[in-house]
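Where a number appears in this text, it was derived from the coordinates with a stated rule and is not lab data. Not measured: the values here are computed from a predicted model. For neighbour counting, all protein chains shown are included, and Cβ atoms are generated from backbone atoms with ideal geometry for every residue, glycine included.
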Amino acid sequence: CPQIIPRCQWRAKAHQGTPIPLSIPLQFLYVHHTYEPSSPCLTFPNCSRDMRAMQRFHQEDRGWEDIGY
């Protein structure tokens, strides 16, 4: 299985807004992935840069609270 990298390690910006706590049990769960970046990142610095760019696009250009997970 791929390693899960926490947001603090790729230097994510803070969530803009108020997160909504989850209620257990969940009624459903969506698993989503993106096709961007179009070429795979092969090093941690490049992957981190790509994640920050995606977050910046979603927060600043789209006006979303965070990455559209």
**OP:** Over 17 Å, how big is the tail of the calculated P(r) for the stretch 25-69, in percent of all Cα pairs?
**Re:** 45 percent
Original post:
Fully extended, how many nm does the chain gain between THR43 and ILE20 (0.36 nm per residue separation, minus their Cα-Cα distance)?
Top reply: 5.0 nm
**OP:** Choose one answer from GLN59, GLN16, GLN27: the residue with the largest mean-square fluctuation in a GNM of the chain with alpha-carbon springs under 10 Å.
**Re:** GLN27
Original post:
If each of ARG11 and ARG52 carries a label point 7 Å out from its Cα toward its Cβ, how far apart are those two points in nm?
Top reply: 0.3 nm
**OP:** Extending each Cα 7 Å along its Cβ direction at ILE4 and ASP66, get the distance between those two points in nm, one decimal.
**Re:** 1.3 nm
